[in-house]
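Worksheet: one structure, shown below.
The values are calculated or read from the model by the stated rules, or taken from the named source; none is laboratory data. Quantities reported herein were computed from a predicted structural model and do not represent experimental measurements. Cβ atoms come from the backbone with ideal geometry, glycine included; neighbour counts cover every protein chain shown.
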Amino acid sequence: MVQAKKALAKKTKTRKARAVSSARSNDYQNFIGGRWVSSRLGEILIRDKEKYTADMTREMGKVLKEAGGDVQEAIDCTYYTAGEGRRLHGFTTPAEMPNKFAMCVRQPVGLCGLITPWNFPMAIPSWKLIPALVCGNTVVIKPAEATPLSTYNLVRACEEAGIPPGVVNLVTGYGETVGAGITNHPALRLVSFTGSTDTGRVVASACAERNAICSLEMGGKNAIIVMDDADIDNAVEGAVWGAFGTSGQRCTASSRLVVHKKVYKQFAKKLVERTRALRVGNGADPKTEVGPVINEDAVHKIMSYIDIGEHEDAATLACGGQRLTKGDYAHGYFIEPTVFTDVAPHTRIAQEEIFGPVTSVIPANSLDEAIEITNGVRYGLSAAIYTQDVNRAFHAMEETYTGIFYVNSSTIGAEVHLPFGGTKGTGNGHREAGTQVLDMLSDLMIPISIDSI
Ligand code: ADP
């Protein structure tokens, strides 16, 4: 066993080293045309969308509709970012001295390491990979160990699109070996990571040690505030999809529902009815609404939180709470969509990221109390409010410390032209998508010339 581990470590080292030297040997200047290759990549992704979608559902269980959305996001990211390749703006400015010309231009940062999670196995890699290429960088990308296929599909499409060999390098494997090899590698100028907050901290320390640029997208404990003037049916619909879409395995999942006491009972009753009616099953069956969770470890973690909710936190288990094991369910990792009510804001299920189909309904007496509860966690990714009052909506938006805020819509979702990221334990200040990601993936250089004639 020890020998096998040593052999694996050695093999992993070789693969990593090969990927890094392959990326290094490809001078980015040779790849400057890559800024336009990307739209060809979009055509390939559209052509094979159905196959990638089926592969993704097979690989990680997401229902077909969501898997299709994941691939679509890679398509949108490709077209949008390919367009940005024509607008990698710098700026010109007057200089202090006569005969001096000043301008600021973008340059690639160089070799980038991209480490991605399993919950959006094509969308998240595309968010990192495509802008990195458009900025003229070379990359080594490591998908999560659970979902190499979807990233492999993306990388193969890059190859078919004509991106030169050695520019995009895929390495697969475990985080502690291959992932750590990337974060510690002296040749990698930048590491872009999406995953859990605990791992993100390890990645950040490794990058700080060698002064590498580090971008982190991590956990969330997102709240929907439901006010007493809200359209309750709309709020319930948003809560259901926010909490149980992708089986709750999203960093933007609506894992807390902070509800005004005046509508609390009505909201909780409708939410439980709607949750009980959800069809749980095989993601490949078009009728399925909630698929399985990713693996056995996830089942244990989620079930242990359900136990904590019932016993340690003394919340009311309003529906769900069981692992499904009968019939076809025996072949997968299925958990009933679960709603806890009467949850106190400081308890563990209301504070910690469960990353599964579990949500907590928390009562609040006022908007300001609801905002305080929303802000009272270590994360700051997304929040939402359901209200008909524009003043309340703006007040909540101003007072909530998150990277994303919605009005009369759930906490989930992202658009490729909008900056995505969070505050506090969710991120380290960088944003993905939009034009903002280009600031992270390029260096600004100021060439100044003085004409002495
Ligand atoms: P999750 O708990 O959702 O799997 P992780 O943060 O553990 O999230 O994983 C996200 C990504 O980070 C995966 O690709 C994983 O392999 C990688 N990873 C895990 N541990 C490390 C580490 N120590 N260094 C670098 N990458 C890691």
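Do you know which residues across region 169-188 are touching a residue at least 12 places away in the same chain (Cβ under 8 Å) and near the ligand (Cβ under 9 Å from one of its atoms)?
Of everything in region 169-188, those that are touching a residue at least 12 places away in the same chain (Cβ under 8 Å) and near the ligand (Cβ under 9 Å from one of its atoms) turn out to be 173, 174, 175, 177, 178, 179, 180, 181, 182, 183, 184.
Can you tell me how many residues within region 189-218 are near the ligand (Cβ under 9 Å from one of its atoms) and either among the small types (Gly, Ala, Ser) or at pLDDT 95 or above (or both)?
Looking only at that region, the number is 11.
Mind checking which residues of region 302-320 are surrounded by fewer than 16 Cβ atoms within 10 Å (Cβ to Cβ) and assigned to a helix (DSSP H, G or I)?
Of everything in region 302-320, those that are surrounded by fewer than 16 Cβ atoms within 10 Å (Cβ to Cβ) and assigned to a helix (DSSP H, G or I) turn out to be 304, 307, 310.
List the number of the failed condition for residue 133; all other conditions in (1) at pLDDT below 95; (2) within 15 Å of the ligand (Cβ to nearest atom) hold.
Only one criterion is unmet by residue 133, namely (2).
Just give me the residues in region 307-362 being among the aromatic types (Phe, Trp, Tyr) and within 27 Å of the chain's Cα centre (by Cα), in sequence order.
Hits for region 307-362 are 333, 334, 340, 355.
Can you give me the number of residues within region 281-297 that are outside any loop (DSSP other than H, G, I, E, B) and under 12 Å from residue 246 (Cβ atoms)?
1
Looking only at region 273-311, count how many residues are closer than 18 Å to residue 350 by Cα and touching a strand residue (DSSP E or B) at 6+ places or on another chain (Cβ under 8 Å).
The total comes to 6.
Which of the residues spanning region 138-155 are more than 10 Å from the ligand (Cβ to nearest atom) and surrounded by fewer than 24 Cβ atoms within 10 Å (Cβ to Cβ)?
Matches in region 138-155: 149, 152, 153, 155.
Consider region 293-317. How many of its residues are touching a residue at least 40 places away in the same chain (Cβ under 8 Å) and either farther than 18 Å from residue 334 by Cα or of a type in the set (A, V, I, L, M) (or both)?
8
When you check residue 213 against the structure, is it within 18 Å of residue 422 (Cα to Cα) and aliphatic (A, V, I, L, M), yes or no?
yes
Being surrounded by fewer than 21 Cβ atoms within 10 Å (Cβ to Cβ), farther than 20 Å from residue 345 by Cα and among the small types (Gly, Ala, Ser) is the requirement here; does residue 413 meet it?
So residue 413 passes the test.
Would you kindly identify the strands (runs of 3 or more DSSP E) lying entirely within region 321-430 that contain at least 2 residues that are of a type outside the set (Asp, Glu) and in contact (Cβ under 8 Å) with a residue 40 or more places away in the chain?
The qualifying strands (runs of 3 or more DSSP E) are 338-341, 358-364, 382-386.
Based on this model, can you work out whether residue 213 counts as in contact (Cβ under 8 Å) with a residue 40 or more places away in the chain and buried (at least 24 other Cβ atoms within 10 Å of the Cβ)?
Criteria not met by residue 213.
Given the options 277, 318, name the one that is in contact with a helix residue (DSSP H, G or I) (Cβ under 7 Å, 6 or more places away or on another chain) and modelled with pLDDT of 95 or more.
After applying the criteria, what remains is 318.
Yes/no matrix, rows are residues, columns are (1) more than 29 Å from residue 194 (Cα to Cα); (2) buried (at least 24 other Cβ atoms within 10 Å of the Cβ):
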site: 237; (1), (2): no, no
site: 264; (1), (2): yes, no
site: 284; (1), (2): no, no
site: 291; (1), (2): no, yes
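Hey, any hits in region 86-108 for a residue that's more than 16 Å from the ligand (Cβ to nearest atom), within 23 Å of the chain's Cα centre (by Cα) and of a type outside the set (D, E, K, R)?
no
Look at region 51-71 and say how many of its residues are of a type in the set (A, V, I, L, M), within 22 Å of residue 416 (Cα to Cα) and buried (at least 24 other Cβ atoms within 10 Å of the Cβ).
4
Among (1) near the ligand (Cβ under 10 Å from one of its atoms); (2) at pLDDT 95 or above; (3) over 18 Å from residue 56 (Cβ atoms), where does residue 117 come up short?
(3)
Residue check, residue 92 against (1) in a strand (DSSP E or B); (2) surrounded by fewer than 24 Cβ atoms within 10 Å (Cβ to Cβ); (3) modelled with pLDDT of 95 or more; (4) not aliphatic (A, V, I, L, M), all met but one. Which one?
With respect to (1) in a strand (DSSP E or B); (2) surrounded by fewer than 24 Cβ atoms within 10 Å (Cβ to Cβ); (3) modelled with pLDDT of 95 or more; (4) not aliphatic (A, V, I, L, M), residue 92 is out only on (3).
For residue 159, work out the one condition from (1) assigned to a helix (DSSP H, G or I); (2) in contact with a Leu (Cβ under 9 Å, 6 or more places away or on another chain); (3) more than 9 Å from the ligand (Cβ to nearest atom) it doesn't fulfil.
(2)
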